[in-house]
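Reviewing the structure listed below.
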Ligand SMILES: *[C@@H]1O[C@H](CO)[C@@H](O)[C@H](O)[C@H]1NC(C)=O
């Protein structure tokens, strides 16, 4: 009874922080308000959606339908290549900006590819926006979204982004963040994407929280030709702090996530499930603290060699060192039918000093909870 009252109080407080949005961000993007208390708008056409997202008003934009961009910019026919094999389950690369010629000169050529032009470049989302789906109705199909060029204070919650040229690498990303700050991506589902499900570009992306989202890697076309999408989450950037919390990463084969540049990553209570390939790839400048995650049927938990730094919360004694900065011990990760990892770089802990740090639970029950609650339509 008492517990219910507290939850109700939290919900009331949250709704005054930002209309249309449920709850508030934990971790690095804590304090994000998006469109704040702006009156909700309900776009009914693609044009209206693009206009609301891109204008300079603070807005709460509610999606109560599917916005399908497939075909809206026509198709493009060009050449490509098959660096990953020519089987029907393999992705093909578009020779975009001569990528095939420059980087895969020995790959079999594909003389003619026709892809959907709208997929290549996502919709611009300007500062001070909340983009939220109603129930399970909010879907953007055939085009992603981009928070770039100084965009700040954005909430994306409870929507799905789907079906962006899944057959063709370079056919488009679902969510791009590059040169931005205070971005919260929550309860978002991405499925059947050409390239990255989520990419943080090489500019400073500052404070980002990605929580309770579903990266659904099931696809008929894959760079690993095994039905598992390779291009999961790519965290690059010159000054990035990213909280990955409570997400469900399903059926991928790589970059889940890839971390480099100058990126501090707190990966907490995520479920990595059925990864036929690798989950983490940690390049130079990637600082990863992972705790309370569950790895179930994950072939390779982290690619080797690790060029960056990893604190994998290896054992209770070492995890107690988190107390000095986190005010608590770090949580162990859990592994079922999975590979393992070891990373005891405790110097990462001090990098969290003075920052907003997400809470963490022991990995018990994370698996069943995440399967039921992560992604769009599960708020
Ligand atoms: C976003 O809101 C803040 C606070 O109201 C304001 O200072 C800033 O100019 C807004 N940004 C844009 C691009 O409108």
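When residue 360 is tested against (1) under 27 Å from residue 25 (Cα atoms); (2) touching a residue at least 40 places away in the same chain (Cβ under 8 Å); (3) surrounded by fewer than 20 Cβ atoms within 10 Å (Cβ to Cβ), exactly one condition is not met: (3). From the list 34, 54, 20, the one residue that fits, being within 22 Å of the chain's Cα centre (by Cα) and more than 21 Å from residue 375 (Cβ to Cβ), is 54.
Does the stretch 153-165 contain at least one residue that is out of contact with any strand residue (DSSP E or B) (no Cβ under 6 Å at 6 or more places or on another chain) and either touching a residue at least 40 places away in the same chain (Cβ under 8 Å) or at positive phi (or both)? First the steps, then the outcome.
Let us first name the residues in the stretch 153-165 that are out of contact with any strand residue (DSSP E or B) (no Cβ under 6 Å at 6 or more places or on another chain), namely none.
Scanning the stretch 153-165, I find no residue that is out of contact with any strand residue (DSSP E or B) (no Cβ under 6 Å at 6 or more places or on another chain) and either touching a residue at least 40 places away in the same chain (Cβ under 8 Å) or at positive phi (or both), so the answer is no.
Taking the stretch 263-379 and the strands (runs of 3 or more DSSP E) fully enclosed by it, the elements with 1 or more residues that are in contact with a strand residue (DSSP E or B) (Cβ under 9 Å, 6 or more places away or on another chain) and within 29 Å of residue 32 (Cβ to Cβ) are at 263-268, 271-282, 286-291, 294-302, 309-311.
Among the criteria (1) surrounded by fewer than 24 Cβ atoms within 10 Å (Cβ to Cβ); (2) within 16 Å of the ligand (Cβ to nearest atom), the one residue 131 does not fulfil is (1). Under the condition of being in a strand (DSSP E or B) and over 30 Å from residue 95 (Cβ atoms), which residue from the stretch 53-85 is farthest from the ligand (Cβ to nearest atom)? My answer is 66. For residue 195, indicate whether it is in a loop (DSSP other than H, G, I, E, B) and assigned by TED's automatic domain parsing to the domain that holds residue 338. Taking the combined requirement at face value, the residue satisfies it. Residues in the stretch 134-160 that are closer than 12 Å to residue 62 by Cβ and surrounded by fewer than 24 Cβ atoms within 10 Å (Cβ to Cβ) were compared, and the one that is nearest to the ligand (Cβ to nearest atom) is 134. Residues in the stretch 83-116 that are surrounded by 16 or more Cβ atoms within 10 Å (Cβ to Cβ) and touching a helix residue (DSSP H, G or I) at 6+ places or on another chain (Cβ under 9 Å): 83, 93, 94, 95, 107, 110.
The values are calculated or read from the model by the stated rules, or taken from the named source; none is laboratory data. Everything numeric in this text was worked out from a predicted model, so none of it was measured. Counting neighbours? That spans all protein chains shown, and the Cβs are built from the backbone with ideal geometry, glycine included.
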